[in-house]
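Below is one structure, written out as structure tokens, with a few remarks after it.
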Amino acid sequence: MDRIDGIRAFVAVVDAGSFTRAGERLGISNKLVSKYVAALEGQQGVTLLNRTTRALSLTPSGERYLAAARRVLAAVEELDAQAHAEEGALAGRLRVTAPVTFGEMFATTLTRDFTRAHPGVEIDLNLSDRYVDLAAEGFDLALRIGQLPDSSLIARRIGQTEAWAVASPAYLAAHPRPTRPEDLRDHANIRDSNAQNPGRAVFLVDGKAVSVPLPGRITVNSAQAVRHLVLEGEGIAMIPSFVVARDLAEGRLERLLPDFLRPQLDIQALYLPQPFMPPRLTAYLDHLRMALSPLLKEPRPDS
């Protein structure tokens, strides 16, 4: 067995969570994946994976070996990428994570268009609102919206959006329309726990940034779920403009406090510092930066 095959199988099992899914990802049988990993363990003289009938987990030796294995595979991919770059073609695999709502509305379309233009590139797009560990989980790129905690990751802005205060006509018919940000204290606010501070919103009032509390009984970790609750007349919410643009255009929702500006939210692509940027990653970043802004200006179909 080629040791690289064993390393590739081991990393695929860790990322996929099972031998069967790893085999599907690699295009080989689960039995062959198991054979490769067992052979790798024999070569190293250690057990890398704990195997039970219900789950797989890394042994302490496996945890240490995983980081080095990823570096080896990255180096192999760099060599392949350099060879293909000389031929003018992109090739290889990218693992990308993005927030669920943004991913469903934009990242899927952008990824589809990129793979159509570059058929040698395979992209594994994982939609999740949690902040994944790129190094530990083997992701090449994370797309995130808003202010991000300090980290060693490199951030590249690919677009901007803004969270608008919105409510349904039915809610506004039964409650006084807020005319200033502080009026939101007297309303039912539906909060998105993905926001940096779900219980407060910042507005520019007389040229100064003012943080306003958002009291409410419902907090949910999905912009689309917040939108649906607002459409049902349950309250007011701060929702990214791209999520509600069509609702506003077609009268299902109304924008509140439009004269009070809110901070712009950066849409950023994050990746690990690395001495060599694979050409496929550079090309994908350039594609996101150029193609996203026009999409953000178009009202998206209902979800």
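Where a number appears in this text, it was derived from the coordinates with a stated rule and is not lab data. Just so it is clear, the model here is predicted, and its values are computed rather than measured. When we count neighbours, we look across all protein chains shown, and the Cβ atoms used for this are built from the backbone with ideal geometry, even at glycine.
A few remarks follow.
- For R246 and R112, the FRET efficiency from 1/(1 + (r/R0)^6), where r spans their Cβ atoms and R0 equals 22 Å, is about 0.60.
- With the convex hull of the Cα atoms taken as the outline of the range 163-263, the averaged projected area works out to 5.7 nm².
- T161, T108, T97 arranged by Cβ crowding within 10 Å, fewest neighbours leading: T108, T161, T97
- Modelled label positions at A74 and R93, each set 7 Å beyond Cα in the direction of Cβ, lie 1.6 nm from each other.
- Divide the volume of the convex hull around the Cα atoms of the chain by the residue count and you get 163 Å³ per residue.
- Dividing the convex hull volume of the alpha carbon atoms of the range 1-88 by its residue count gives 97 Å³ per residue.
- Label-point separation, R130 to A173 (7 Å along Cα→Cβ), nm: 4.3
- Axial C-alpha extent at least 27 Å, average Kyte-Doolittle at least -0.5 - helices from the chain (DSSP): 60-86
- Between E137 and R51, residue separation times 0.36 nm minus the direct Cα-Cα distance comes to 29.0 nm.
- Part-to-part distance (alpha-carbon centres) for the range 1-61 and the range 224-267, which is given in Å: 46
- As a proxy for reagent exposure, ranking M238, M105, M277, M290 by other Cβ atoms within 10 Å from fewest up yields M290, M277, M105, M238.
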